[in-house]
Amino acid sequence: MMVNLLSSRQRQALRLSWRFIRPYRVQAACALLALVLTAGVTLSMGQGIKLVVDEGFMTQSPELLNRSILIFLLLVLALAVGTFTRFYLVSWIGERCVADIRRQVFEHLIELHPGFYENNRASEIQSRLTADTTLLQSVIGSSLSLFLRNSLMVIGGIVLLFVTNPKLTSIVAVALPLVLVPILVFGRRVRSLSRQSQDRIADVGSYVAETLGQIKTVQAYNHQRTDRVRFADTVEAAFSTARQRIVQRAWLVTLVILLVLGAVGVMLWVGGMDVIAGRISAGELAAFVFYSLIVGSAFGTLSEVIGELQRAAGAAQRIGELLQARSDILPPEYGLRTLPARVSGAMAFEAVSFAYPSRPDQWAIEGLSLTVEPGETLALVGPSGAGKSTLFDLLLRFYDPQQGRILIDGQPLTVLDPHDLRRHFALVAQTPALFYGTVQENIRYGRDDVSRGQVEAAARIAHAHDFIVQLPQGYDTPLGEAGLGLSGGQRQRLAIARALLVDAPILLLDEATSALDAQSEHLIQQALPTLMAGRTTLVIAHRLATVQNADRIAVIEAGKLVAVGTHQQLLAQSPLYARLAALQFNAPATLARSG
């Protein structure tokens, strides 16, 4: 009967819970056995009370009283042992399953293509991974057990009520449908408000993560007062939704208690009159009252538990959405090809056009064709927003182009496993990604099988060793989030050391020196030749002085390839390149107009 009261989302929460409980079937079976035992013992205590009253108190026999009290105490001991077993196993299963859920969701998330995160805030995903899984933990580790136990108590209690006194049971039977009405009416409202409440909580977490993650900018612009107001509005919105949900649940519980205990009061009056008339014994009435209270309290608990299940249904739906999200970048089901242990580095773009999912009507790359020879250093230059970094995204197959194709060593990227493809690339970004951990762990990020000596050797080549050994714990110094505490030049040198250790045949340098001071740029320029030696290198640069010695330079504007050649060739042939050179090298205006 109670199962029919569950919505599809609640059943989804139960299915998701069972999916993760299934590996621990033995522990779950033991917990269920303990649950049945405690429910049975609790129901048996009604008969114990009947014995104490009829054979102990009413007979005024010490021997019968001692025996009935002993039986009652044995039931209490069995109940205590069963409750301990049930509580421990159910709580263990809840914690274990939530750990499995978090691990599986995280493992799924890190394989999703970057386009997924364009439309989903990382902070909201973090909220789902923490707050929503905590809700599921309460369902698996508590609410589900309470639901099953109290369902058994209701069923068993009603059966024993009929066995004890059918006449009085009819009073309880009349009250039961009245109890179901508020559960159905208010339960529907609680379900909707529970999902809204979880969304508002996620908004709170998102705002906190975003603001604290950019705390320097917040304080630099004295934005604290505005952020206080906005955060207060976000918190109040969450509170308002939660208050509505609480009101609905409070009405639900209040009406259930009122109806159930009201029925018990009527039953006590009728039963008391029967005891006075001698139609039933005092022990029967005591047992009946006990069973009535058991059934009533079980119904009250079920109404609360269903409210928890309704909250968890929203959490399960949100987690289920993450688990059901599918990456657009996958190995092909048929025709999968593998690359050799080390590719030559030949690459080709063939009439490639691409638009980001968030801007499907605007080409980031349009009709671009370009070849890169093995071992060649090719520079990509052009205005900001021209599409240079997008080419790196396509090469690493974070996205697939809507038109055309990209090849590496003659193999189209779409027939390759992304993991197999990316092991041939080393990326040094404009803002290097450093992670919470030690300096050594960050350098070894691309290869965790290298020795400490190899780490230090890479750091020396990257001109990073000197500043590393001056840190409080040298290579074992913990870095703050995103490498906080290091200068831009120090972060870049750590990124170069990381790329050296990866030893990939293709190197991607994305504005590796654009934001550095002269000394840091000089040190990195000294490290780059060793990094680029023997590798195919693509360099994105705004400073033409850093790329004028490249084998070739490709000029890109508005996603289109407008010119390719050496520095001298482009000065004569490309008006855009000549204009950029004139601005940077302070060349005569006539040079800017040449070509």
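The values are calculated or read from the model by the stated rules, or taken from the named source; none is laboratory data. Source: prediction; values computed, not measured. In this analysis, Cβ positions are derived from the backbone assuming ideal geometry, glycine residues included, and neighbour counts consider all displayed protein chains.
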For the structure I just gave you, tell me whether ASP361 is in a loop (DSSP other than H, G, I, E, B), of a type in the set (Asp, Glu) and either more than 17 Å from LEU509 (Cβ to Cβ) or touching a helix residue (DSSP H, G or I) at 6+ places or on another chain (Cβ under 8 Å) (or both).
yes
Only residues that are in contact with a helix residue (DSSP H, G or I) (Cβ under 7 Å, 6 or more places away or on another chain) and either part of a loop (DSSP other than H, G, I, E, B) or under 14 Å from VAL555 (Cβ atoms) (or both): list them for region 366-393, please.
LEU380, VAL381, GLY382
Being surrounded by fewer than 20 Cβ atoms within 10 Å (Cβ to Cβ), in a helix (DSSP H, G or I) and at pLDDT 75 or above narrows it down to one residue among PHE106, PHE147; which is it?
PHE106
What are the residues in region 320-352 that are among the β-branched types (Val, Ile, Thr) and either part of a strand (DSSP E or B) or closer than 26 Å to HIS108 by Cβ (or both), if any?
ILE329, THR338, VAL352
Taking strands (runs of 3 or more DSSP E) that fall entirely within region 490-595, which contain at least 3 residues that are buried (at least 19 other Cβ atoms within 10 Å of the Cβ), at pLDDT 85 or above and under 47 Å from the mean Cα position of the chain (by Cα)?
506-510, 536-540, 552-557
Going by the structure shown, is VAL372 of a type in the set (Val, Ile, Thr), farther than 30 Å from THR133 by Cβ and at pLDDT 75 or above?
yes
